[in-house]
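No value in this document is a laboratory result; all are computed from the given coordinates. Note that the structure is predicted; figures quoted are calculated from it, not measured. FYI the Cβ positions are ideal-geometry reconstructions off the backbone, even for glycines, and counts take in every protein chain you see.
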């Protein structure tokens, strides 16, 4: 019964954007995929072509929705968008690089670098609020698809939260895992608890992409 009711989540970070290449903070800014990002989206669709999927969800931001579309077409499924899957909001910091912000806002950047759960950029979102938003959204989706396999296309920060939830890592602990664009990450959800099955499967990608926020 436990396995019958468990939900397998295939968590995918969106494909590359020009802002990823430039190491610019995206947050809620609606940036489209680059040509490389579209190639990655098609590659992940091919990788999942033989997987029996019951539903596909994506953040309502363009870069996530564009990544989900080739998967949806291959399986004849709609893409359900959910704003709860968005990246963390970085407010006034969006569009800048971390290096630029270190010069202008050194104290704020230090709190951000240390993963202070209460830190929010001006007009942005606290880390602890972001974590609560993402995990609540994903657990709700999983509960609505008990016993099924579901694709969720989201963002680097959101997937970081889900890795922490599935492994019991503290919110302020340094990240020691990779988050490649368009890699496949597998998490099992049963009885409201997440368990990590596999992470950062990028065998379908030609090469790794630089990790940048968003």
Taking the beta-carbon count within 10 Å as an exposure proxy, list 103, 187 from fewest neighbours to most. 103, 187
Extension gain, residue 83 back to residue 51 (0.36 nm per residue minus Cα-Cα distance, nm): 9.0 nm
Comparing 169, 69, 40 in a Gaussian network model of the chain (Cα, 10 Å), the one with the largest mean-square fluctuation is 169
When the convex hull of the Cα atoms of region 1-125 is projected onto a plane and the area is averaged over all directions, what value comes out in nm²? 9.5 nm²
Among 177, 112, which comes first, then next, by fewest other beta-carbon atoms within 10 Å? 177, 112
State the volume of the convex hull built on the alpha-carbon positions of region 134-204, expressed per residue in Å³ and rounded to an integer. 91 Å³
Order of 66, 107, 16 - criterion: other Cβ atoms within 10 Å of each residue's Cβ, fewest first: 107, 66, 16
Checking 144, 181, 200 against a Gaussian network model of the chain (alpha-carbon springs below 10 Å), the top fluctuating residue turns out to be 144
When the chain is reduced to its Cα atoms, the Kirkwood hydrodynamic radius in Å: 17.2 Å
Inter-probe distance in nm under a simple model that places probes 7 Å from Cα toward Cβ, at residue 169 and residue 114: 2.0 nm
With just the Cα atoms defining each centre, how far is region 127-151 from region 1-53? Give it in Å. 16 Å
